[in-house]
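Comments concern the structure below.
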Amino acid sequence: PPGGEPVIRSPSRMGEGRERQQPLIVGDYALFGEIASGGMATVHFGRLLGPKSQQKTVAIKRLHAQYAQNPDFVDMFLDEGRVASHIHHPNVVPVLDVAMTGDELFLVMEYIHGETLSKLLSAAKARRESIPLPVAFAIVVDLLRGLHAAHDAKDEAGEPLNIVHRDVSPPNIIVGTDGLSRVLDFGVANAAGRLHLTRDRQLKGKLTYMAPEQVRGHSMDRRTDVYAAAIVLWELLAGKPLFDGANEAVVLTQVMNAKVVAPSSTGATVDPALDAIVMRGLEREPAQRFPTALAMAEALERAAPIASAEEVGAWVQRVAGRQMESRARRLAEVEELASGLELPEGWPTETRMPAAAVATDPDGPAPVAERPTPAPAPSQATITSAVKDVRSGRSPAPWWLAPALLAAAGVLGLVAVIAWPGAQAAPATAAPLPAIVDDTPPTIELPEDEPAVAPPVEADAAASPATTTSATP
């Protein structure tokens, strides 16, 4: 039950068409079939358990077992949950909870019924279609507004987190059938106070979307993400990659030295004002770019025709309708199976999940969508304690452990009083019991994170999910 030792059931392989197998239950959630799998994690359908009126479908990101004992991957995974849980915006996939067992970690995210931009572009190409320009502009505006929310996020004390996503790319943008686009996967994001520190001479992210300062290992800020968003926009307009080569060395040379041409030079139907916006976002010197993602979004809204949320949702349904229908059937099966699960004895009548709420002002410029109020960010004590538990290969102490040990100590004491010669004449003062559970959270001393100098390219360890809510595998 919640607050006690996680309940584990039948961790069978669950993929498409196999939702009717017994799910894995961990904490408050039931884990069902895969949505997507990447190099570091797998995203599953999940269901918040409890009274039927409070059950909710979620997406659960499950760290691969081979990485759960690696401190670097554990820190990176927990950082993703900690960072994303501080960002509250309709254009960012929210992290709702962190769950764990003795040897596994899970991030619970809002389920988004949609598809990543990369898969939508592939589906459109298979249909020999190009993305409509108003839809492309709407997706990028949503992307920029989500990034701005991340860049402005603060911790519980109101201090800026200085988040830089560092991996803005089509696989990390999910476009919902509701017409909203959302940023996901903060697994390699830079943020103040993060546990995972990037080692010297390592690059995190996708090389073809990196800003020059990121490749050089220089300091990064929000303008680094603006550059990557501008690449996404350029590619949507031109219909091809901006940087493309036979190997990483060729791509690296292009990123650092190639002359970038305006989208209209590739044959795209783009007027000069839009060309200027794209090219300003792609300036190699950060000082010459838009100062914020919001400034670029507002410039696009003034100069470009922006599709409505209904138009974007209709485009998603048109190009990925078959996938959406298949996923909807699986979702219905998950909900039916979850409603019939027999919950463990002692399961509470209420859950920890907040009630759904409208998170944005309907009069504001951004599209409005109904979404749950994000759960509070996991505290530093919670994160460090989770790291300690995972690394030691144990689960948190179950709720019944302390009472059981105290009862056992009492029985042993009674036996000793009866059996020990002269015990009846012994003084009534008993020795104090030792502490059974130490609730003091462990601390982690974080060294200063020095930027890398002239780093070589490192393969990205965390692939993005096809459909999720956090963040991606």
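The values are calculated or read from the model by the stated rules, or taken from the named source; none is laboratory data. Since we're looking at a predicted model, the values are computed, not measured. For neighbour counting, all protein chains shown are included, and Cβ atoms are generated from backbone atoms with ideal geometry for every residue, glycine included. Ligands, DNA and RNA are stripped out before the accessible areas are found, and what is left, the full protein with its side chains, is counted by its heavy atoms. Shrake-Rupley method; radii C 1.70, N 1.55, O 1.52, S 1.80 Å.
With 29 Å as the limit, the listed pairs Lys206/Lys259; Lys56/Lys125; Lys56/Lys119; Lys125/Lys259; Lys119/Lys154 have Lys56/Lys125; Lys119/Lys154 beyond it between alpha carbons. Computed on protein heavy atoms with a 1.4 Å probe, the accessible areas place Ser326, Ser169 in the order Ser326, Ser169, largest first.
Along the stretch 54-66 the Karplus relation, 6.51 cos²θ - 1.76 cosθ + 1.60 evaluated at θ = phi - 60°, assigns HN-Hα couplings of 10, 5, 8, 7, 9, 10, 10, 8, 10, 5, 4, 4, 5 Hz to successive residues, with x for each Gly and Pro. Between the amide H of Ile25 and those of Arg9, Leu31, distances stay under 5 Å, these residues lying 5 or more places away or on another chain, with hydrogens modeled in the peptide plane. For Asp72, the accessible area of its heavy atoms, probed at 1.4 Å with every protein chain present, is near 50 square angstrom.
Surface calculation, 1.4 Å probe, protein heavy atoms: Tyr67 sits at approximately 50 Å² accessible. Take the Cα of Thr253, step 7 Å toward its Cβ, do the same at Arg127, and the gap between the two points is 3.9 nm. Accessible area ranking (1.4 Å probe, heavy atoms, ligands and nucleic acids excluded), largest first, for Lys259, Lys56: Lys259, Lys56.
What accessible area, in Å² to the nearest ten, does a 1.4 Å probe give for Glu336? Answer for Glu336: close to 110 Å² accessible. Rounded to the nearest 20, the size of the Cβ-charge dipole of the stretch 214-327 about its Cα centre is 200 debye, with Lys and Arg at +1 and Asp and Glu at -1.
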